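Engineer: Got a structure for you, written out below as structure tokens; questions coming shortly.
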Amino acid sequence: RMNGRNVLHTMGFDAFGLPAEQYAVRTGQHPRKTTEENINRYLQQIRRLGLGHDERRRISTTDLSYYRWTQWIFLQIFNSWYDTEQDKARPISELEAEYAQGKRSTPDGRGWCELTRVEQRRIIDEHRLVYLAETPVNWCPGLGTVLANEEVTADGRSERGNFPVFRKNLRQWMMRITAYSDRLLDDLDLLEWPEKVKTMQRNWIGRSSGAHIRFPVGDEAIEVFTTRPDTIFGATYMVLAPEHDL
């Protein structure tokens, strides 16, 4: 900046979450009032410290002008499916048109017009990039919300409020990231990002090459994935997660 260059050094405030919510429950004060007062106080302090930041680019996740776009993005993803042949996301309406025109077969072979609207919706929902699924979560009745593993103490209580936490299955929104994970990895090469950041992204996505192997157990079969199928002959036992269907 002292050399006359423009430097992006801004401030962002992310106030959605348990702390703001629980303070509102405890005090009866609307979280917007609390949040805005805290932001103004914080800005006052950093100005007194003489910290230079670009207030023109300041954002707050609680501003309607900000989160209207996160909601808009969610709707775009919800109304999209990933076409592996074209290697890109397409509008869900185009997928529905392919079924209606007979270009794509239904799972049981019936014509699209023979299905009820509910059956059609189920087929389409199987392709959406965001979908509802029942998954095991940390449920805290005292807080009325799901908690991340990091928010649960070793003795099974919430860090905030010290309420009991239970493991249970709940329907929640999921993202079908695996549908386009290869595209995410390949497109990293097109970004002018620091190499260490791109390496972190590659490791987070974690592409693995291997084989799916099915082990028969009575009338059922357990399918596993391994990156080393050559070692499978040395397997002596198998462990299933508590939430596994079997």
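Engineer: For region 1-31 and region 49-75, compute the distance between their C-alpha centroids and round to whole Å.
Structural biologist: Each part's Cα centre sits 9 Å from the other's.
Engineer: When Rg is the radius of gyration of the Cα atoms in region 49-108 and Rh is its Kirkwood radius, what does Rg/Rh come to?
Structural biologist: On the way: Rg = 20.2 Å, Rh = 15.2 Å.
When Rh is taken as the Kirkwood radius, the ratio is 1.33.
Engineer: For every other residue with a beta carbon closer than 9 angstrom to the beta carbon of Y82, add +1 if it is Lys or Arg and -1 if Asp or Glu, then tell me the sum. Before the final figure, lay out each step's value.
Structural biologist: Numbers: positive: K88, R90, R176, R183; negative: D83, D87.
My count for the surroundings of Y82 gives +2.
Engineer: Pull up the DSSP beta bridges for the chain and report the antiparallel fraction as a percent, rounded to 5. Walk me through the numbers on the way to the answer.
Structural biologist: Details: 27 of 29 bridges.
Just about 95 percent of them are antiparallel.
Engineer: Assuming R0 = 35 Å, what is the FRET efficiency of Y237 and D125, from their Cβ-Cβ distance, to the nearest 0.05? List each step's numbers first, then the result.
Structural biologist: Working: r = 37 Å, r/R0 = 1.06.
According to the calculation, E is roughly 0.40.
Engineer: Also: What number comes out for accessible area per residue over the chain if the probe is 1.4 Å? Units Å², please.
Structural biologist: Numbers: 18650 Å² over 246 residues.
Using a 1.4 Å probe on heavy atoms only, each residue of the chain averages 76 Å².
Engineer: Continuing with the same structure: Give me the percent of accessible area attributable to carbon and sulfur for the chain, probe 1.4 angstrom.
Structural biologist: Details: 9570 of 18650 Å².
Roughly 51 percent, rounded to a whole number.
Engineer: Quick one: pull the percentage of alpha-carbon pairs in region 81-130 with a separation above 13 Å. Intermediate values should be presented prior to the final figure.
Structural biologist: Details: 690 of 1225 pairs.
The calculated P(r) of region 81-130 puts 56 percent of pairs beyond 13 Å.
Engineer: Specify whether the C-alpha gyration tensor of region 1-95 places it in the rounded, prolate or oblate class, a ≥ b ≥ c being the square roots of the eigenvalues: rounded for a/c under 1.5, otherwise prolate if a/b is larger than b/c and oblate if not. Numbers along the way, then the final one.
Structural biologist: Details: a/c = 4.15, a/b = 1.45, b/c = 2.87.
It is oblate, given that a/c is not under 1.5 and a/b is not larger than b/c.
Engineer: May I ask for the distance between the Cα centers of region 124-199 and region 83-99, given as a whole number of Å?
Structural biologist: Result: 26 Å between the Cα centres.
Engineer: Over the chain, what per residue volume does the convex hull of the Cα atoms give, in whole Å³?
Structural biologist: Details: hull volume 64.6 nm³, N = 246.
Dividing the Cα hull volume of the chain by its residue count gives 263 Å³.
Engineer: Hey, could you get me the Stokes-Einstein D for region 103-161, Kirkwood radius over alpha-carbon pairs, 4 °C and 1.567 mPa s, rounded to whole µm² s⁻¹?
Structural biologist: Details: Rh = 15.1 Å.
Estimated via Stokes-Einstein, D reaches 86 µm²/s.
Engineer: Ok, one more. Report the equivalent ellipsoid semi-axes for region 99-241 in whole Å, largest first, defined as the square roots of five times the eigenvalues of the gyration tensor built from alpha carbon atoms.
Structural biologist: Numbers: eigenvalues 198, 144, 115 Å².
Rounded to whole Å, the semi-axes are 31, 27, 24.
Engineer: Charges at C-beta only: +1 for Lys and Arg, -1 for Asp and Glu. How large is the resulting dipole of region 1-141 about its Cα centre, in Debye rounded to 20? It would help to have the intermediate numbers written out before the result.
Structural biologist: Details: 21 positive and 19 negative charges, 204 e Å.
Charge dipole, region 1-141, about its Cα centre: 980 debye, nearest 20.
Engineer: Right, next: Can you tell me which of 126-132, 205-211 comes out highest on packing, and rank the rest after it, using the mean Cβ neighbours within 10 Å? Before the final figure, lay out the partial values.
Structural biologist: Working: 126-132: 15.1, 205-211: 10.0.
The densest-packed peptide leads the list: 126-132, 205-211.
Engineer: Let me ask something additional. Which of rounded, prolate or oblate describes region 183-246 when judged by the alpha-carbon gyration tensor and an a/c cut-off of 1.5?
Structural biologist: Working: a/c = 3.34, a/b = 2.59, b/c = 1.29.
It is prolate, given that a/c is not under 1.5 and a/b is the larger ratio.
Engineer: Sticking with this structure for a sec: Using a cut-off of 28 Å between alpha-carbon atoms, which lysines can reach K196, once sequence neighbours fewer than 8 places away in the same chain are excluded?
Structural biologist: K88
Engineer: Once a ≥ b ≥ c are taken as the square roots of the eigenvalues of the Cα gyration tensor of region 8-48, is the result rounded (a/c under 1.5), prolate (a/b larger than b/c) or oblate (a/b not larger than b/c)? Don't jump to the answer; show the numbers that get you there.
Structural biologist: Working: a/c = 3.54, a/b = 1.95, b/c = 1.82.
Note, shape of region 8-48 comes out prolate.
Engineer: Still on this model: Just need the relative contact order of the chain here, percent rounded to a whole number, with Cα pairs under 8 Å and 6+ apart.
Structural biologist: Numbers: 224 pairs, mean separation 27.3, N = 246.
Answer for the chain is 11 percent.
Engineer: May I ask you to list the GluC sites (Glu not before Pro) in region 209-243 that are in a DSSP loop and have at most 12 other Cβ atoms within 10 Å of their Cβ? Could the numbers behind the result be given before it?
Structural biologist: Numbers: sites: E220, E223, E243; in loops: E243.
For GluC sites (Glu not before Pro) across region 209-243 that sit outside H, G, I, E and B with at most 12 neighbouring Cβ atoms in 10 Å, the list reads E243.
Engineer: Using the crude model of +1 on Lys and Arg Cβ and -1 on Asp and Glu Cβ, and no other charge, please compute the dipole size for region 180-237 relative to its Cα centre, in debye to 20.
Structural biologist: Details: 7 positive and 10 negative charges, 41 e Å.
With only Lys, Arg, Asp and Glu charged at Cβ, the dipole is about 200 debye.
Engineer: Related question: Can you tell me how much longer the chain between V224 and Y42 gets when fully stretched, taken as 0.36 nm per residue apart minus their C-alpha distance, in nm with one decimal?
Structural biologist: Numbers: separation 182, 0.36 × 182 = 65.52 nm, distance 5.12 nm.
In short, 60.4 nm is gained.
The values are calculated or read from the model by the stated rules, or taken from the named source; none is laboratory data. Here the structure is a predicted model, which is why all the values come from computation and not from measurement. Positions of Cβ are generated from backbone atoms using ideal geometry, with glycine treated the same way; all protein chains shown enter the neighbour counts. We work out accessible area using only protein heavy atoms, side chains counted, and drop any ligands, DNA or RNA first. Shrake-Rupley method; radii C 1.70, N 1.55, O 1.52, S 1.80 Å.
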